[in-house]
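Comments concern the structure below.
The values are calculated or read from the model by the stated rules, or taken from the named source; none is laboratory data. On a predicted model such as this, the values are computed, not experimentally measured, just so you know. All Cβ positions, glycine included, derive from the backbone under ideal geometry; neighbour counts span all protein chains shown.
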Amino acid sequence: MSFDVGLRTWHGGLTEVLHLNSGVTFYQRGPRFGQQLYVDQCFLAREDWRACDNGTASALAHNCVEKPASSIMEVLRLDADLVQRLRAARPADRRLDDASMLEAPFAELLTVLAPTWHVMSELHPLGYAVYPPGFKTVTFDARQSRFIGLHIDEIDGLQMDKCSDARLRICINLGSQERHLVFIPVSVNEMARRLSYSTAELARQRSTPFIQAFMHAFPDQFVLRLGVAPGEAYVAPTENLIHDASTMWMSVQDLSLTILAHMRRRAGSV
């Protein structure tokens, strides 16, 4: 199936870090996998993962030339010394405030982003996160005490027709093993086009019913699994695509730092 999201990496390779599958599985009643209990009516990626083919990788790279920042993902590499200092800077409660982003080592992230991204707002930290290994997905709804599965973020609280205006997510792998981002490479606007929704109809949608309608209609739309190595960060429009992080292929605890910012691509950076 077609897709409109682009992806690039600092090393230029995609097939080495990408896997894809045959689509999603819908669970009417919340499934349990080991320690993980999911909400009812959730979607998870099918587990028939295979190596990403050259054609899909080429299309993802090409979309980086054609598409806006709200449909582009990137994997960046951080200097080993900065990674170590970011690990050491973790507070006991794993929380950070906006003011901390103006000081070292966090302010140095602007230098990491600068070659390909123009940061147009202050960095806003969501903080450090620690997850056990072996989790299919990691996003947890504390109100329901259940995991939610594939979803779209709603941190900026925008209408669905304005998702392309949301801040981008910068998530740094500070752990010792590769972690994964699982995502469907289709933007909200492209989902709406496939569902024959007008802009006005899209504006009235709530994210969960909307993405469920898309996945019910297109359950065989492939899902991608992106490997993010220790010391790497991904930039992704997580309010504009269906996704979740996964520690399924890890054997040790996961540690990450997540920050939000309004950003646009620098001219000539592709």
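If we keep just the residues of the range 1-34 that are at pLDDT 95 or above and among the polar types (S, T, N, Q), which is surrounded by the most Cβ atoms within 10 Å (Cβ to Cβ)? Restricting to residues being at pLDDT 95 or above and among the polar types (S, T, N, Q), the top hit is T9.
The rows are residues; the columns are (1) at pLDDT 95 or above; (2) under 17 Å from V5 (Cα atoms); (3) not small (G, A, S).
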site: C52; (1), (2), (3): yes, yes, yes
site: A69; (1), (2), (3): no, yes, no
site: V75; (1), (2), (3): yes, yes, yes
site: A80; (1), (2), (3): yes, no, no
site: F106; (1), (2), (3): yes, no, yes
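Kindly provide the set of residues from the range 45-82 that are in contact with a Lys or Arg (Cβ under 6 Å, 6 or more places away or on another chain) and acidic (D, E), ordered by number. Listed by number, the list holds a single entry, E74. Applying the criterion of being of a type in the set (S, T, N, Q) and under 14 Å from C171 (Cα atoms) to the residues of the range 248-263, the residue that is surrounded by the fewest Cβ atoms within 10 Å (Cβ to Cβ) is T258. Considering R225, R266, R193, R204, the condition of being surrounded by fewer than 17 Cβ atoms within 10 Å (Cβ to Cβ), more than 20 Å from D141 (Cα to Cα) and in contact with a His (Cβ under 6 Å, 6 or more places away or on another chain) is satisfied by R266 alone. One residue stands out in the range 229-261 among those that are within 15 Å of the chain's Cα centre (by Cα) and part of a loop (DSSP other than H, G, I, E, B): the one that is nearest to Q212 (Cα to Cα), namely I242. A residue that is part of a helix (DSSP H, G or I) and either touching a Phe, Trp or Tyr at 6+ places or on another chain (Cβ under 8 Å) or surrounded by 21 or more Cβ atoms within 10 Å (Cβ to Cβ) (or both) cannot be found anywhere in the range 115-128. Among the numbered conditions (1) free of Cβ contacts under 8 Å to residues at least 60 places away in the same chain; (2) under 26 Å from M215 (Cα atoms); (3) among the β-branched types (V, I, T), the only one that T111 does not meet is (2).
Taken as a whole, the range 58-79 holds no residue that is crowded, with 20+ Cβ neighbours inside 10 Å, touching a residue at least 40 places away in the same chain (Cβ under 8 Å) and more than 19 Å from L181 (Cα to Cα).
Of all residues in the range 6-35, those satisfying the criterion of being assigned to a loop (DSSP other than H, G, I, E, B) and among the hydroxyl-bearing types (S, T, Y) are T15, S22.
Would you please name the residue that is nearest to L37 (Cα to Cα), looking only at residues in the range 130-181 that are part of a helix (DSSP H, G or I) and touching a residue at least 60 places away in the same chain (Cβ under 8 Å)?
So, considering only residues that are part of a helix (DSSP H, G or I) and touching a residue at least 60 places away in the same chain (Cβ under 8 Å), the one nearest to L37 (Cα to Cα) is C163.
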